[in-house]
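**Q** My structure is below; once you've seen it, I'll send some questions.
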Amino acid sequence: MGIDYTQEIHRRRTFAIISHPDAGKTTLTEKFLLYGGAINLAGSVKGKATARHAVSDWMEIEKERGISVTSSVLQFEYGGYCINILDTPGHQDFSEDTYRTLMAADSAVMVIDASKGVEAQTRKLFKVCVMRKIPIFTFINKLDRDANDTFELLDEIEKELGIATCPVNWPIGCGKGFKGVYDRKRECIITYEDTQKGTREGESREIPVSQEGQAAAALGEEAFARLQEEIELLDGASAEFDLEQVQSGILTPVFFGSALTNFGVEIFLKYFLEMATPPLPRRADVGLIDPAERGFSAFVFKIQANMNRAHRDRIAFMRICSGRFDAGEEVRHVQGNKVMRLSQPQQIMASDRKVVEEAYAGDIIGVFDPGIFSIGDTVCMPKEHFTYEGIPTFAPEHFARVRQMDTMKRKQFVKGINQIAQEGAIQIFQELSAGMEEIIVGVVGVLQFDVLKYRLENEYNVEIRLENLPYEHIRWIENRDLDLDALTGTSDMKKVKDMKGNPLLLFVNAWSVGMTIDRNEGLVLSEFGRD
């Protein structure tokens with residue numbers, strides 16, 4: 001085999017970047033890639049139509065709106081580590097994609113805008129991390145602009161998110177008065193210089209805080225005196241650094257910097273790599289699966305159709321959980337109970353792809369999906385037979401009836417809407433009595449409707465009209481033997497079925513759910529769908 005793959009697995013670091021929109025997540029991702037030599041020039045994330053787009057955004061609608069709609073997977077090497085970044089959509093209407101991506105990550109980097117603090121979307125995503133006990137590293141961004149009081153920012157993280165904070169470095173001023181950061185572990189000041197955008201970090205000077213004359217000359221007497229006070233306060237008030245607590249998701253190390261001007265990014269990256277864990281054992285129905293002691297296994301956390309417009313293909317993204325993947329070897333698709341070869345294995349950098357011959361636990365690979373994979377599926381060695389923990393699906397909160405404009409394009413419409421539904425971004429339902437001609441779409445965030453319309457038009461050449469429906473609550477019927485015709489509901493209730501044929505009910509009002517249960521003895525309703 002040549003390489004001992006225990007060593008290969010040990011140098012993997014796989015993390016997701018989460019944030020509220022506009023906190024600077026995509027910029028930070030680009031700067032990481034810059035350090036790893038994966039790109040030579042950081043592109044403009046938004047900007048004019050002529051500007052280069054962020055490497056992690058590939059769908060046309062993302063480029064038009066300057067938002068990340070889907071999660072991208074990016075891999076690069078840095079300092080002897082092999083790093084896999086899962087970039088996630090910041091917009092709340094795409095939070096479901098982010099939830100799934102977090103299932104594939106070993107840790108999360110939370111980006112917070114220094115002038116805005118903890119925002120709504122950060123709160124929502126953070127809860128998922130806590131639920132999964134994912135270690136969280138915080139990067140407080142945009143220190144080159146005016147920022148909130150640093151102590152207040154930390155206090156807000158602790159109160160709002162319920163996690164202890166431990167600043168690893170500390171900002172010296174902000175905005176025009178931003179002088180740099182103080183590294184608490186090394187007890188030195190790292191001075192800030194505005195660098196040319198799209199380049200690596202400028203030449204920063206490091207001054208030991210004990211060399212008071214030199215430090216005061218570099219920062220100015222007043223700024224240095226304030227820093228000394230703050231260091232004293234910090235040492236008395238902030239939580240002690242405890243790696244075990246960080247890796248258990250109880251304590252978040254906090255870093256400060258400016259991704260746009262490239263200050264503090266490399267400092268953060270170095271510390272992060274020291275503190276983050278390599279791939280850890282994952283829970284399956286047969287117990288914990290050790291990454292280094294078992295053969296190849298993986299689970300599907302994302303399916304994306306038409307990443308390559310020229311090939312009209314479908315890619316299933318898999319997180320490798322154990323062992324080494326070798327292209328060409330046979331594997332078992334557990335849910336389909338079929339031994340097969342994974343076709344066209346590749347790693348994807350936005351719209352660029354490279355074929356992979358081998359990959360290890362912690363890596364993410366994309367494989368061609370002929371329509372057999374579903375989100376949450378397990379793939380393992382042919383003689384093995386186990387399944388990884390399922391990925392939760394979230395109940396849609398917005399519904400619309402889909403009207404097709406040109407009935408002659410029925411085939412493309414059915415294919416398109418089914419493929420997009422299999423990616424997990426939308427859920428489709430049908431009236432119990434009707435066939436495919438009556439389709440209701442459910443989404444977690446309304447922006448998904450725009451994406452659906454855009455993609456059907458651009459990828460499948462099908463125009464649709466969406467008619468909003470008033471339903472806000474969805475419940476699956478758990479009783480297998482229930483006579484649906486005899487079900488007594490409320491006037492605002494609609495009976496539908498999902499794509500697997502499971503019956504469910506849509507309601508306009510929350511109180512109708514309870515009333516329907518009261519009126520039908522033995523009826524069991526659930527907020528989650530069955531596989």
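**Q** Kindly indicate whether any position in segment 450-465 is of a type outside the set (A, V, I, L, M, F, W, C) and either surrounded by fewer than 13 Cβ atoms within 10 Å (Cβ to Cβ) or farther than 30 Å from Lys409 by Cβ (or both).
**A** Checked against the condition, which is being of a type outside the set (A, V, I, L, M, F, W, C) and either surrounded by fewer than 13 Cβ atoms within 10 Å (Cβ to Cβ) or farther than 30 Å from Lys409 by Cβ (or both), segment 450-465 yields at least one hit.
**Q** Let me ask another. If I ask for residues that are modelled with pLDDT under 80, surrounded by fewer than 17 Cβ atoms within 10 Å (Cβ to Cβ) and among the polar types (S, T, N, Q), which ones from segment 179-213 would you list?
**A** Gln196, Thr199
**Q** Related question: Any idea how many residues of segment 82-117 are part of a loop (DSSP other than H, G, I, E, B) and at pLDDT below 75?
**A** Adding up the residues that qualify gives 4.
**Q** OK, next. For segment 372-408, what are the residues that are under 30 Å from Glu438 (Cβ atoms) and hydrophobic (A, V, I, L, M, F, W, C)?
**A** Residues satisfying the conditions are Ile372, Phe373, Ile375, Ile391, Phe394, Ala395, Phe399, Ala400, Val402, Met405, Met408.
**Q** Considering segment 99-125 alone, what residues qualify as being of a type in the set (D, E, K, R) and surrounded by fewer than 19 Cβ atoms within 10 Å (Cβ to Cβ)?
**A** Within segment 99-125, Lys116, Glu119, Arg123, Lys124 qualify.
**Q** Among the basic types (Lys, Arg), in a strand (DSSP E or B) and at pLDDT below 90: is that true of Arg353 in this structure?
**A** Yes: the conditions hold for Arg353.
**Q** If you don't mind, there's one more thing I want to ask. Could you tell me which numbered condition Gly376 fails, if it satisfies all but one of (1) modelled with pLDDT of 85 or more; (2) outside any loop (DSSP other than H, G, I, E, B)?
**A** Every condition holds for Gly376 apart from (2).
**Q** For segment 251-258, state whether one or more residues are within 30 Å of Arg324 (Cβ to Cβ), in contact (Cβ under 8 Å) with a residue 60 or more places away in the chain and among the β-branched types (Val, Ile, Thr).
**A** no
**Q** Test Phe32 against the criterion of being assigned to a strand (DSSP E or B), surrounded by 14 or more Cβ atoms within 10 Å (Cβ to Cβ) and modelled with pLDDT of 65 or more, and give yes or no.
**A** Considered against the rule, which asks whether it is assigned to a strand (DSSP E or B), surrounded by 14 or more Cβ atoms within 10 Å (Cβ to Cβ) and modelled with pLDDT of 65 or more, Phe32 comes out as no.
**Q** What number of residues in segment 319-350 are touching a residue at least 60 places away in the same chain (Cβ under 8 Å) and either within 17 Å of Val300 (Cβ to Cβ) or among the aromatic types (Phe, Trp, Tyr) (or both)?
**A** 5
**Q** Here's another thing I want to ask about it. Just to verify a result, which residue in segment 507-523, among those that are at pLDDT 90 or above and open to solvent by 60 Å² or more (accessible area, probe 1.4 Å), is farthest from Arg480 (Cα to Cα)?
**A** Trp511
**Q** Could you look through segment 126-145, keep only residues that are in contact (Cβ under 8 Å) with a residue 12 or more places away in the chain and within 14 Å of Gly162 (Cβ to Cβ), and pick out the one that is surrounded by the fewest Cβ atoms within 10 Å (Cβ to Cβ)?
**A** Lys133
**Q** Mind checking which pairs have a first residue in segment 420-437 that is more than 16 Å from Ile474 (Cβ to Cβ) and surrounded by 14 or more Cβ atoms within 10 Å (Cβ to Cβ) and a second that is at pLDDT below 75 and among the aliphatic types (A, V, I, L, M), Cβ under 7 Å, 6 or more apart or different chains?
**A** Matching pairs, first to second residue: Ile420/Ala305; Glu423/Ala305.
**Q** Please tell me if Lys176 is among the charged types (D, E, K, R), open to solvent by 60 Å² or more (accessible area, probe 1.4 Å), closer than 20 Å to Leu227 by Cβ and not in a strand (DSSP E or B).
**A** It is true that Lys176 is among the charged types (D, E, K, R), open to solvent by 60 Å² or more (accessible area, probe 1.4 Å), closer than 20 Å to Leu227 by Cβ and not in a strand (DSSP E or B).
**Q** Let me ask another. Could you list, in sequence order, all residues of segment 252-282 that are farther than 19 Å from Lys31 by Cα, polar (S, T, N, Q) and surrounded by 20 or more Cβ atoms within 10 Å (Cβ to Cβ)?
**A** Thr252, the sole residue that qualifies.
**Q** What tally of residues in segment 283-315 results from selecting those that are at pLDDT 90 or above, assigned to a loop (DSSP other than H, G, I, E, B) and within 23 Å of the chain's Cα centre (by Cα)?
**A** Counting residues in segment 283-315 that are at pLDDT 90 or above, assigned to a loop (DSSP other than H, G, I, E, B) and within 23 Å of the chain's Cα centre (by Cα) gives 1.
**Q** Just name the residue that is surrounded by the most Cβ atoms within 10 Å (Cβ to Cβ) out of those in segment 380-412 that are assigned to a loop (DSSP other than H, G, I, E, B) and modelled with pLDDT of 90 or more.
**A** So, considering only residues that are assigned to a loop (DSSP other than H, G, I, E, B) and modelled with pLDDT of 90 or more, the one surrounded by the most Cβ atoms within 10 Å (Cβ to Cβ) is Glu384.
The values are calculated or read from the model by the stated rules, or taken from the named source; none is laboratory data. Worth saying up front: this structure is predicted, and the values here are computed from it rather than measured. Ideal geometry is used to build each Cβ from the backbone, glycine not excepted, and the neighbour counts take in all protein chains shown. We work out accessible area using only protein heavy atoms, side chains counted, and drop any ligands, DNA or RNA first. Shrake-Rupley method; radii C 1.70, N 1.55, O 1.52, S 1.80 Å.
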